[in-house]
Amino acid sequence: MRSLRAAAAALALILPASLAAAQEGGTTDITDAALAAGWKASFTCSGLFVAGQTLQEIEQNELSGIYPDFQRNFDALPPAKVDYDRKLVSVSYAPDVPARIAAWRPGFGCTQLPTGAGEEALSFLPRFAAWPGAPAQDRGSAIGSNVKISLRIEEAERLEAPVSAAFDEITYGNGTRTASVIVVQGGQIVAERYDRGIEHETPVRTWSAAKSLTATLIGAARRQGLIDIDYPAVIEEWNKGADPRRAITIRNLLHMASGLDSGENGSRTDKVYFAGARVTDAAAGSILEVKPGTRFKYANNDTLIAMRALREAMKDDNRFHRFPYESLLHKIGAMHTTIEIDWNGDFISSSQVWATGRDLARIGQLYLQDGMWGNERLLPEDWVKFVSTPAPAQPEEGAGYGAQFWLMTDAEGVPPGTFYAAGNRGQYIVIIPALDAVIVRQGFDVIGGARFDINRFTRDMVVALAAAGAERSAAIEAASAAEATPAPDPNRERPRLIQRN
């Protein structure tokens, strides 16, 4: 693979100035238009070439219900131009400046060029020297390892009502738009349904549910001795002179407790997500606000820096880029998942991951199996406990937080110990150890509109699964009792029927 350091240096020469760094005083009208064009270019590119959706499906799913503050500029944009041969999407947004460009590369999905860069910059995008061909079809109902397949009629019957209700756009949130629901128990799919053109092999953007995948990858790296989550000075940029950020650890980052400034809303990393900014420019440049580990503040940057720290620790970009697939995803059968990168080669693993519902269920199942898959340990023995234990600094209200996983501590009727991944527009992976179950919901909910009520949905699914289990236990008990009852002796004299007048 082309040297990313040399590529970055060369690209810096052809750009007049970096638009990646945060601008004091907010954004300008032309930058706002560039962000909207970046949304359209990137989602059209990924929807077509990663997810295999049609333009019509992309229009109804990815390009509607977007950030309200993007909408005005978005509505003024012309149609995206698609180059199917080069797998390239461009969107013009202003005269006399290059269009916003997103380009697909095998294994990397779609990458945005930085705002202001034209097609001459395409040659600097990272690429794999070789990448496996199309993945095998995802057949069967086994999601976990060593799964015993059995007919689960009770679950199918009990789950039918809440699963159907998840798609009615009313029950769990007026106007919510569900794309998939998958329920896994004992490593086997017991309920599965799709809508809006999505199928079992169609990847959907995970948004912030990707953060939980990042924690899982950090765990796999720790298992292999590649990274220490308590070692300070996690990135080279912070390990200089008087910089107090060298006190931040991977543990702090995973707990969303870096202490860094991330603005009023740490979940908006627009320059990285939609302007083609580098992770190193946008995420690593924040100043320290409070002592690391003392404050919870949800921030995309914490996740991005954690993954950047792994890259620097590995010191081998080819190995780093293959690591998520070879050390985790492909081992658990998650063959339809793609982690996209910035043009500098950093994974945007706080949000920009595309995965099928089944692949998300496999990640949840890995946690139910205590980090084991088959006979191989992929995660450290204490990792499940680590991500699902309340962090020292907690949100002021609502659900609790572990390490890049939310804790369902605010949901009545849900078993203790339930934890989950959550992402914008209604992406969820709910892990219920008490029931050996995983629930996945993917959606295209309108940003700023009704949110899918994952607490109530989980509670209803728990009730259904418990009822199915009780029904099966009763049936097994009745069958056992019938087997234990001695059969009548055919040689025994039968009593005579006496008729009375």
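Quick grid of which residues meet (1) of a type in the set (Ser, Thr, Tyr); (2) buried (at least 24 other Cβ atoms within 10 Å of the Cβ); (3) more than 27 Å from Gly426 (Cβ to Cβ):
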| site | (1), (2), (3) |
| --- | --- |
| Ala37 | no, yes, no |
| Gln56 | no, no, no |
| Glu59 | no, no, no |
| Glu62 | no, no, no |
| Pro68 | no, no, no |
| Asp75 | no, no, no |
| Asp96 | no, no, yes |
Test Thr280 against the criterion of being hydroxyl-bearing (Ser, Thr, Tyr) and not in a loop (DSSP other than H, G, I, E, B), and give yes or no. yes
Taking the residues in the stretch 422-434 that are touching a residue at least 60 places away in the same chain (Cβ under 8 Å) and surrounded by fewer than 18 Cβ atoms within 10 Å (Cβ to Cβ) as candidates, determine which candidate is nearest to Tyr367 (Cα to Cα). Pro433
Quick count over the stretch 343-395, residues being touching a residue at least 40 places away in the same chain (Cβ under 8 Å) and in a loop (DSSP other than H, G, I, E, B), is 21
Six or more apart or on different chains, Cβ under 6 Å: which pairs go from a residue in the stretch 55-69 that's part of a helix (DSSP H, G or I) to one that's small (Gly, Ala, Ser)? Could you list them? Glu57/Gly197; Ile58/Gly47; Pro68/Gly448
The number of residues in the stretch 435-479 that are surrounded by 18 or more Cβ atoms within 10 Å (Cβ to Cβ) and without any contact (Cβ under 8 Å) to a residue 24 or more places away in the chain is 0
I'm checking my understanding of the structure. Among residues of the stretch 221-252 that are surrounded by 13 or more Cβ atoms within 10 Å (Cβ to Cβ) and touching a strand residue (DSSP E or B) at 6+ places or on another chain (Cβ under 9 Å), which one is nearest to Asp302 (Cα to Cα)? Ile248
Report whether or not Thr171 is over 12 Å from Gly443 (Cα atoms), of a type in the set (Ser, Thr, Tyr) and crowded, with 20+ Cβ neighbours inside 10 Å. no
Just to be sure, is Glu169 closer than 28 Å to Ala191 by Cα, touching a residue at least 24 places away in the same chain (Cβ under 8 Å) and of a type outside the set (A, V, I, L, M, F, W, C)? no
Which number in (1) farther than 30 Å from Glu192 by Cα; (2) assigned to a helix (DSSP H, G or I); (3) in contact (Cβ under 8 Å) with a residue 60 or more places away in the chain marks the one condition that Thr294 misses? (2)
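Every read-out reported here was derived from the displayed coordinates using simple, explicitly stated rules and does not represent laboratory data. Because the structure is a prediction, the values reported are computed rather than measured. For neighbour counting, all protein chains shown are included, and Cβ atoms are generated from backbone atoms with ideal geometry for every residue, glycine included.
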